[in-house]
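Just so it is clear, none of the values below were taken in a lab; they were calculated from the coordinates. Given the structure is predicted, the values throughout are model-derived calculations rather than measurements. Note that each Cβ is placed from the backbone with ideal geometry, even for glycine, and that neighbours are counted across all protein chains shown.
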Amino acid sequence: MRTARAYLRSLDPQLPRPVWLLQAGGLVNALGNGLIYPFVLIYLHNVRGISLGTAGLVVATNALVGFVANPIAGAIVDRVGGRLTLTGSLVVSALGLSLFPLIDETWHAFAAMAIVGAGVGGFWPGQSTLIAGLIPPERRPAAYSVQRITMNLGIGLGGLTGGLIATTDRPGTFTLLFVLDALTCLVFAAVLTRVPEPRLETAGQPSGGYLSVLGNRIFLGVIALNALLVASGYAMIELLGVFAKNEASVTERGIGLIWLVNTVTIVVAQLPITKFLEGKRRMRAYLGLGVVWAISWLVVLAAGAWLEAGAAVLVLALAMLVFGLGECIHGTVQAPLVMDLAPPSLRGRYVALSATSWSVGFVAGPAIGGFVLDAAPLLLWPGAATVCLLTGWLAIGFERRLPQRARRSPSQH
């Protein structure tokens, strides 16, 4: 019992009050995102009559606009700080989300998603830099792990709630989801008024803007690996809901339950996995991540090929449980590694380019995957599994290029 209590105490992230406030606001916002995230493609295709291929391009527009907005947001963060940048991004996102119920034509969908993408482009540079400024370096893996927990808890509960509300027979139910998501953005913006802006560190720090960042080839390698992981991992989740509904006859409620399993996995496993990876080699962790995600996509393939309805829900939930374990590994490695490579005076720009790698992945994943789903749905998942394995292998080869101080996750002991 004492050993168990000591282990549980060791999982305490020991975060200051401002970081907990930031995480609370993020939880509310993630709840709103979860309301719509699994159902955007279903809404565009099954409710608005947009083809799967085109709907995939609409979803990819979010990341494409974010790709352009991220560098701008990074420069803004380094000038005015993460809090103001994050607040502005949330207001812009709320505007775009509120336009989705008004979609009548395909171009309306592209326009609304572009506005959301502009907001998202400022979200991650603002939030990640704000967290880094509020916490010492040795606590960052724990802080980003808690961020991952709150984000996924909100998305999972939102997905479950959205599955209970949304039905393609009643388009108004989707309107409710988009309005609620917009409101959660504004709630998070209000919470930020209680979070202090860390002091910007510039004395004795390198300058040169993005030219300095782009000159760091090691950092560019890190974000290239991340783009591959996002495209073959996270971006595929956006396609899972419509695949489950159209290929395995899974209802919206079933999709919500699948998301809940993924959420519970991350909430339960994130801090233990973060603790386990303390002092471990980061690129080996990425190899394990590639294997775990490849397994999850092959399980999705099995569900779509041989199962339907309730049986498919159970197997897809298992796939999302496995995928969630990989998400915990990624959450422990990626953001703290970027911060370890970034000088404080250029954190905003480093995070912005890191966020751009997410944008690249979320452009490539849905854009290519949407057309694959249209032509040969079962080919998508072994293809994604192959890219995951390839990325893990590339990470091992890349490890020797990392500076010694960045090769392992920080240890508290």
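So the values come out like this:
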{"item": "Karplus-derived HN-Hα couplings along the stretch 330-341 (A = 6.51, B = -1.76, C = 1.60, θ = phi - 60°), whole Hz, x at Gly and Pro", "result": "4, x, 6, 8, 5, 4, x, 5, 4, 5, 5, 8"}
{"item": "Hz values of 3J(HN,Hα) by residue in the stretch 27-36 - Karplus curve (6.51, -1.76, 1.60), Gly and Pro given as x", "result": "4, 4, 5, 5, 4, x, 4, x, 4, 10"}
{"item": "Rough spin-label spacing in nm, given labels placed 7 Å along Cα→Cβ, for LEU183 and ARG79", "result": "3.5"}
{"item": "Spacing of the two label points (7 Å from each Cα toward its C-beta) at GLU138 and ALA375, in nm", "result": "5.4"}
{"item": "Cα centroid separation, the stretch 124-149 to the stretch 373-398 (Å)", "result": "29"}
{"item": "In degrees, nearest ten, helix 106-134 long axis to first principal axis of the chain (Cα)", "result": "30"}
{"item": "CD proxy at 222 nm, helix term only [per DSSP H run n ≥ 4: -39500 (n - 2.57); per residue of the chain; nearest 500]", "result": "-26500 deg cm²/dmol"}
{"item": "Angle in degrees between helix 252-276 and the longest Cα principal axis of the chain, rounded to the nearest 10", "result": "20"}
{"item": "Pairwise centroid distance, computed over Cα atoms, of the stretch 276-346 with the stretch 235-263, Å", "result": "17"}
{"item": "For the stretch 56-69, 3J(HN,Hα) per residue [Karplus equation, 6.51 cos²θ - 1.76 cosθ + 1.60, θ = phi - 60°, Hz, x = Gly/Pro]", "result": "x, 5, 4, 4, 5, 4, 3, 6, 5, 5, x, 4, 7, 6"}
{"item": "HIS45, HIS330, HIS108 arranged by Cβ crowding within 10 Å, fewest neighbours leading", "result": "HIS108, HIS330, HIS45"}
{"item": "Cβ-based exposure ranking for PHE371, PHE362, in which fewest neighbours within 10 Å come first", "result": "PHE371, PHE362"}
{"item": "Relative contact order (%) - criterion: Cα under 8 Å, at least six apart; region: the chain", "result": "28"}
{"item": "Exposure proxy order (Cβ contacts within 10 Å, fewest to most) of TRP358, TRP381, TRP393", "result": "TRP393, TRP358, TRP381"}
{"item": "Assigned charges on the beta-carbon of Lys, Arg, Asp, Glu; the chain dipole about Cα centre (debye)", "result": "1680"}
{"item": "Inter-site label distance for LYS280 and GLU308 at 7 Å from Cα along Cβ, in nm", "result": "4.1"}
{"item": "Cut-off under 5 Å, modelled amide H: who pairs with ARG281 long-range", "result": "none"}
